[in-house]
Amino acid sequence: MQIKAIRPDFVAEITEIDLRLPLSDAQVAEIDKVMDHFAVVVFPAQALNDDQEFAFANRLGPLEETRAVVDVHKQRLAYNQMNDISNLDVDGSILALDDRRRMFNLGNLLWHSDSSFKATPAKYSMLHARIIPPEDGNTEFADMRAAWDRLPEKTKHQIETLVCDHSLIYSRAQLGFDAFTEQELINYTPVPQRLVRRHPGSHRKSIYLASHIGTVHGMPRPEAMVLIRDLIEHATAREFVYSHKWKQFDLVMWDNRCTMHRARPYDDKNHKRDMRRMTLTDCAPTLEQPA
Ligand code: OGA
Ligand code: MN
């Protein structure tokens, strides 16, 4: 495989590999090595179907077994482990404007790290573009290791040992969405995560931020949320951000332990965008991982 840096220490492109074919142990090891150094890897022109995307992800590590969405019974995709990142209904038509799933999915436009609201959060995400709109709908990625490196020493000291609670309820509340069912409220009970992590593959520290954060342990909520807003603002300054302009059949893989990402808007009322995401699970809750 050919590896080309797109952004030093952050984004790379890998070509001359066919992800439809079973990966060798050496290929898996090499992809992990690239992921440890960079945090976002683009594999252009991979015309995968669901079986091939599933097999590829499954080869890289243990998968997240559940989807975290509303109306979980209304599913277009066959694999339970595949997340439907689209504006499409079960029959393939564009979701109605007032559909609860559309409202909920708009949360992807907020900066986040996948599944930080799960006790054991996500490791890598792999997002594959099947249908893209004629314009817009980029995905942006922010480098949380670089953002940590550039924090003032005083702030590093202040936040280093903090623990935050994450929930989908908190991120959706920022958009005025609160139409959760009783069961969803139970499923999305907040979970604690360290605010500062050490990335095992690079030994670099990173800030573990997401719009899913709703409290910081030991702080009054307004004080906590002002701090989190400031950190997100710092960490998403343009110097830390790569904006991916999709081409059909791009597969983009990112490490949720040291990045945030967000979707950008597009004309979702008139154009289809069909993306499918496989997600690897991390090894343990962040508080059970070495600081
Ligand atoms: C995701 C996600 C952003 C996008 O797949 O986890 O946040 O641009 N996607 O669709
Ligand atoms: Mn996401």
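With more than 18 Å from the chain's Cα centre (by Cα) and within 16 Å of ligand 2 (Cβ to nearest atom) as the only criterion, which of Leu106, Leu175, Leu110 stands out? I'd like the intermediate steps shown before the answer.
On the way: Leu106 fails: more than 18 Å from the chain's Cα centre (by Cα); Leu110 fails: more than 18 Å from the chain's Cα centre (by Cα).
Among Leu106, Leu175, Leu110, only Leu175 is more than 18 Å from the chain's Cα centre (by Cα) and within 16 Å of ligand 2 (Cβ to nearest atom).
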Members of the stretch 59-72 that are in contact (Cβ under 8 Å) with a residue 40 or more places away in the chain and assigned to a helix (DSSP H, G or I) | Leu60
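Please pick out the residue among Arg100, Arg76, Arg59 that is closer than 18 Å to Trp254 by Cβ and more than 15 Å from the chain's Cα centre (by Cα). Explain how you work it out, then say what you get.
On the way: Arg100 fails: closer than 18 Å to Trp254 by Cβ; Arg76 fails: closer than 18 Å to Trp254 by Cβ.
Being closer than 18 Å to Trp254 by Cβ and more than 15 Å from the chain's Cα centre (by Cα) holds for just one of Arg100, Arg76, Arg59, which is Arg59.
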For the stretch 225-238, how many residues meet the condition of being in a helix (DSSP H, G or I) and touching a residue at least 40 places away in the same chain (Cβ under 8 Å)?
-> 6
Any residue in the stretch 10-33 that's more than 22 Å from Phe54 (Cβ to Cβ): show its pairings with residues that are of a type in the set (Lys, Arg) and open to solvent by 70 Å² or more (accessible area, probe 1.4 Å) at Cβ separation under 6 Å, as long as the two are six or more apart or on different chains.
-> Glu13/Lys4
Among residues belonging to the stretch 79-100 that are part of a loop (DSSP other than H, G, I, E, B) and within 16 Å of ligand 2 (Cβ to nearest atom), point out the one that is surrounded by the fewest Cβ atoms within 10 Å (Cβ to Cβ).
-> Gln81
Every pair of residues 6+ apart whose Cβ atoms lie under 6 Å, when the first sits in the stretch 122-149 and is on the phi > 0 side of the Ramachandran plot while the second is within 16 Å of ligand 2 (Cβ to nearest atom) and of a type outside the set (Val, Ile, Thr) | Asp136/Tyr266; Gly137/Tyr266; Gly137/Arg273
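I need the full set of residues from the stretch 1-17 which are open to solvent by 50 Å² or more (accessible area, probe 1.4 Å) and either charged (D, E, K, R) or part of a loop (DSSP other than H, G, I, E, B) (or both), in order please.
As a first pass, look at the stretch 1-17 and keep what is open to solvent by 50 Å² or more (accessible area, probe 1.4 Å): 1-9, 16.
The answer is Met1, Lys4, Arg7, Pro8, Asp9, Glu16.
Within the stretch 29-56, work out how many residues are assigned to a loop (DSSP other than H, G, I, E, B) and more than 18 Å from the chain's Cα centre (by Cα). Step through it out loud before you land on a result.
Residues of the stretch 29-56 that are assigned to a loop (DSSP other than H, G, I, E, B), as a first pass: 38-39, 44-49.
Cutting the leftovers down to more than 18 Å from the chain's Cα centre (by Cα) gives us 44-49.
The total comes to 6.
Any residue that is among the small types (Gly, Ala, Ser), farther than 16 Å from Cys258 by Cα and open to solvent by 30 Å² or more (accessible area, probe 1.4 Å) - is there at least one of those in the stretch 176-199? Reasoning before the result, please.
First, the residues of the stretch 176-199 that are among the small types (Gly, Ala, Ser): 176, 179.
Then drop every residue that is not farther than 16 Å from Cys258 by Cα, which leaves 176, 179.
Retained after the next criterion (residues that are open to solvent by 30 Å² or more (accessible area, probe 1.4 Å)): 176, 179.
Yes: one or more hits.
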Number of the exception - Pro134 against (1) surrounded by fewer than 16 Cβ atoms within 10 Å (Cβ to Cβ); (2) within 12 Å of ligand 2 (Cβ to nearest atom); (3) over 21 Å from Arg229 (Cα atoms) = (2)
Working only within the stretch 242-281, note down all residues that are part of a loop (DSSP other than H, G, I, E, B), in contact with a Ser or Thr (Cβ under 9 Å, 6 or more places away or on another chain) and open to solvent by less than 10 Å² (accessible area, probe 1.4 Å).
-> Asn256, Cys258
So which residues in the stretch 113-125 are under 14 Å from Asp255 (Cβ atoms) and of a type outside the set (A, V, I, L, M)?
-> Ser113, Asp114, Ser115, Ser116, Pro121, Lys123, Tyr124, Ser125
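The values are calculated or read from the model by the stated rules, or taken from the named source; none is laboratory data. Note that the structure is predicted; figures quoted are calculated from it, not measured. Cβ atoms come from the backbone with ideal geometry, glycine included; neighbour counts cover every protein chain shown. Please note that ligands, DNA and RNA were not included when accessible areas were found on the heavy atoms of the full protein model with its side chains. Shrake-Rupley method; radii C 1.70, N 1.55, O 1.52, S 1.80 Å.
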